[in-house]
Structure formats: structure tokens, C-alpha cells
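One structure below.
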């Protein structure tokens, strides 16, 4: 029986779904795969909770009542004392700062699986330094869920690049949140602000929807794919169409934005009026490998194209490669949601486990 020991950082939507999925799948994986997934440590930004082997369904209450304020060294000392092997640190946070801890974790013997996109969108210097550290210590870093949640977008591009297949362009509806917003807005006779509010109520947008509307999240995903194809680009080089008017941007409070979000309505109504009878609005990221350009923008799409036919909060990616000619490889499906993302993390853990 191969034993894998997982330390989870982050107990938000994705992290909590991940724990539930790991506990549910544990016995099946023992019997079918000969793999035992243990989860001895769970930590959020302030507290950690240790178990000898595996967490119980009561883990949330245990973390609150029995957890303690910790430093990373406490976790490193604990796993060393217990003699755990095949260590995987799972980053289910959205922290800008936690990725700096990756180097300590790698030196302590951890492989890393990350839903957090930050490590792959820092400077090229950080990006290269992290991979050098991984190579020095013979550690793995898996992050399929950085783009497309559970869709195999990163792996597909990586395999193309490794096999010397020349990818010429990648276009995609990267954001499940913005997919839902524009799919709904173009299908229904509602004001944009109304659709935006509905998306927030359904949990599709960030608590501050300007995070989605700014295009920053899509730009990060685009940069990750560009770097998978060997492009040495920085985030600042991405051309991003920000959908938030200047007077509603980050300098105003979230409360002020919510109060005045109807100011968005005339802008998007004009865009809608400009559409042809068979057209819809879509929010896309586009990477032109030959030109080395990365763009995040609104476009008009035919209703029956891959992007135009999207429903709900689905994502779609078109990968153009020399062997495929003018017809792209299309990867499409649920591109957002905590459960889908957590399932993608489980898949990364299992792929990594096969290599240990």
C-alpha cells in the first residue's frame, strides 16, 4: 500500500470541498488503486490541526476548537517527527504571500499541488527560481486547476510543447463567472447590473465583482498558458480590457460600487444593441504565440460557434496547432466552481502519487 501524506493549506470553498472528497474517496482508492491518502494536517491562515493519520468528518469543528495558532516551522517539525514520507502540500488558498513558503516546503521534502495561481504569475525570475528549486530537490509541482478548474488545459498545452507540436494560438472563455454573466445577459432581457447581482447571489463572482470585471483573473490564466509554451512574459505586458468604469474602480469602496453599479447598464446596453441578430458578447483571453501578444477583451461571437453556444458558467478553450491546421482542438466544460476545482486537485494528487 503506497501511503501519501497531504498537508492542506486553505479551508475556504475549495479546501473544504477537497477534504470532503478525499475522505469520501479514501477507501475506494485503497481498494482499487492501492493508494492510501492520509490528511494529517489541515491549516487555514491562523490555525492548524494535527491528526496522526487522517481527518474525521468533524474536522471543521476540530480545527475551530482544538486547532492552535501556528507557524510553518510547527508543521515542518511535526511531519518530520512523525516520519511521514511522500509529502504533498496542497495550496488551496488565494494568498499572495503563501507562495513564498513553497521554497521552505520543497526543502523540507514536500511536493506541491496548487489551486492558487499566484506562484505561476509572479515575475519570470520567481517563476524560474521556483522551478530550479524543484529540480534541485527532485520535487514535483502540479497546478492543472490554475486554468479551467477541472478541464485538462494546462496538461494538453504542456504535452504539445514537450512533443515539439507548434501551438500558434490559444483563445478561450477563461472565466466561469464572466461566462455566466454574458451568457445570461445576451439570452435574457435584463439589465447588466441585475445579471451581475444574480451571479453574485449564485456564488459565481468574487465577493467584490470588480475582481472578475477587471480581467485580472483571466490575464493570470493567460500568462500561465503562455509560460507553458515557453513565452517569457510578465503580467504587465498583457493588454487587458477593464470592464469597470474609472469612477467605480478599486479607489471606491465595494459599498459605493454596489450602490452605483447601475452605471454599468448603459455601457453594456449599447454593446448589446450593436450586435447582429446571430451574435452574442463573450469575454475572451487570446494568446498569439507567433506575435507574442496576450489580450483580455470583449468580442462578438456567432451564436452557434464554440464560444457563442456556451451556457451557464461553462468555459471553452480553442488550441490552434500546426498539426490541426485551421480547425482548433476545443476543450469545453465546467470551468468554475469549488467542487469542480477540488476534484481537479484530487486528480493532480493522484497523478503525482503515481510518480512517487
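The values are calculated or read from the model by the stated rules, or taken from the named source; none is laboratory data. Since the model is a prediction, treat every value here as computed from it, not as a measurement. Don't worry about glycine lacking a Cβ; one is built from the backbone with ideal geometry, like all the others, and counts go over all protein chains shown.
Is it the case that residue 39 is in a strand (DSSP E or B) and within 26 Å of the chain's Cα centre (by Cα)? Here the answer is yes, as residue 39 does meet what is asked.
Among the criteria (1) outside the structural domain of residue 185 (by TED's automatic domain parsing); (2) touching a strand residue (DSSP E or B) at 6+ places or on another chain (Cβ under 6 Å), the one residue 343 does not fulfil is (2). Do we have residue 78 as assigned to a loop (DSSP other than H, G, I, E, B), in contact with a strand residue (DSSP E or B) (Cβ under 7 Å, 6 or more places away or on another chain) and not assigned by TED's automatic domain parsing to the domain that holds residue 234 here? No: the conditions fail for residue 78.
Within the stretch 211-239, the residues that satisfy the criterion of being surrounded by 15 or more Cβ atoms within 10 Å (Cβ to Cβ) and either outside the structural domain of residue 163 (by TED's automatic domain parsing) or farther than 17 Å from residue 177 by Cα (or both) are 223, 224, 225, 226, 227, 228, 229, 231, 233, 235, 238. Can you report the number of residues in the stretch 162-178 which are within 18 Å of residue 240 (Cβ to Cβ) and in a loop (DSSP other than H, G, I, E, B)? Residues in the stretch 162-178 being within 18 Å of residue 240 (Cβ to Cβ) and in a loop (DSSP other than H, G, I, E, B): 2 in total.
Restricted to the stretch 315-339, and to residues that are under 14 Å from the mean Cα position of the chain (by Cα) and surrounded by fewer than 21 Cβ atoms within 10 Å (Cβ to Cβ), which residue is modelled with the highest pLDDT?
Narrowing the stretch 315-339 to residues under 14 Å from the mean Cα position of the chain (by Cα): 315, 334-339.
After this cut, where a residue has to be surrounded by fewer than 21 Cβ atoms within 10 Å (Cβ to Cβ) as well, the list is 334, 337-339.
Working: 334: 83, 337: 77, 338: 84, 339: 87.
Here the residue is 339.
Would it be correct to say that residue 342 is surrounded by 13 or more Cβ atoms within 10 Å (Cβ to Cβ), in contact (Cβ under 8 Å) with a residue 12 or more places away in the chain and farther than 21 Å from residue 195 by Cβ? Walk me through how you get there before you give the answer.
On the way: surrounded by 13 or more Cβ atoms within 10 Å (Cβ to Cβ): yes; in contact (Cβ under 8 Å) with a residue 12 or more places away in the chain: yes; farther than 21 Å from residue 195 by Cβ: yes.
It is true that residue 342 is surrounded by 13 or more Cβ atoms within 10 Å (Cβ to Cβ), in contact (Cβ under 8 Å) with a residue 12 or more places away in the chain and farther than 21 Å from residue 195 by Cβ.
Considering only residues that are assigned to a helix (DSSP H, G or I) and either surrounded by 15 or more Cβ atoms within 10 Å (Cβ to Cβ) or touching a residue at least 24 places away in the same chain (Cβ under 8 Å) (or both), which ones fall in the stretch 56-75? Across the stretch 56-75, the qualifying residues are 59, 60, 62, 63, 72, 74, 75.
A search for C-beta distances below 6 Å between a residue of the stretch 82-103 that is in the same structural domain as residue 14 (by TED's automatic domain parsing) and in a loop (DSSP other than H, G, I, E, B) and any residue that is surrounded by fewer than 17 Cβ atoms within 10 Å (Cβ to Cβ) and at pLDDT below 95, counting only pairs 6+ apart in sequence or on different chains, returns 86/356. Residue count for the stretch 230-261 under the criterion of being modelled with pLDDT of 95 or more, out of contact with any helix residue (DSSP H, G or I) (no Cβ under 8 Å at 6 or more places or on another chain) and assigned to a loop (DSSP other than H, G, I, E, B): the result is 1.
Restricting attention to the stretch 262-306, the residues that are crowded, with 18+ Cβ neighbours inside 10 Å, in contact with a helix residue (DSSP H, G or I) (Cβ under 7 Å, 6 or more places away or on another chain) and farther than 18 Å from residue 188 by Cβ total 4. Only residues that are touching a residue at least 60 places away in the same chain (Cβ under 8 Å) and surrounded by 19 or more Cβ atoms within 10 Å (Cβ to Cβ) were counted across the stretch 128-155, and they come to 12. Residues in the stretch 21-36 that are in a helix (DSSP H, G or I) and touching a residue at least 24 places away in the same chain (Cβ under 8 Å) were compared, and the one that is surrounded by the most Cβ atoms within 10 Å (Cβ to Cβ) is 22. With the requirement that a residue be in contact with a strand residue (DSSP E or B) (Cβ under 7 Å, 6 or more places away or on another chain) and either modelled with pLDDT under 95 or closer than 23 Å to residue 14 by Cβ (or both), what does the stretch 107-126 give you? Listed by number, the residues that qualify are 110, 111, 112, 113, 114, 115, 116. When restricted to residues that are closer than 25 Å to residue 184 by Cα and either surrounded by 14 or more Cβ atoms within 10 Å (Cβ to Cβ) or over 25 Å from the mean Cα position of the chain (by Cα) (or both), the stretch 247-261 contains 8.
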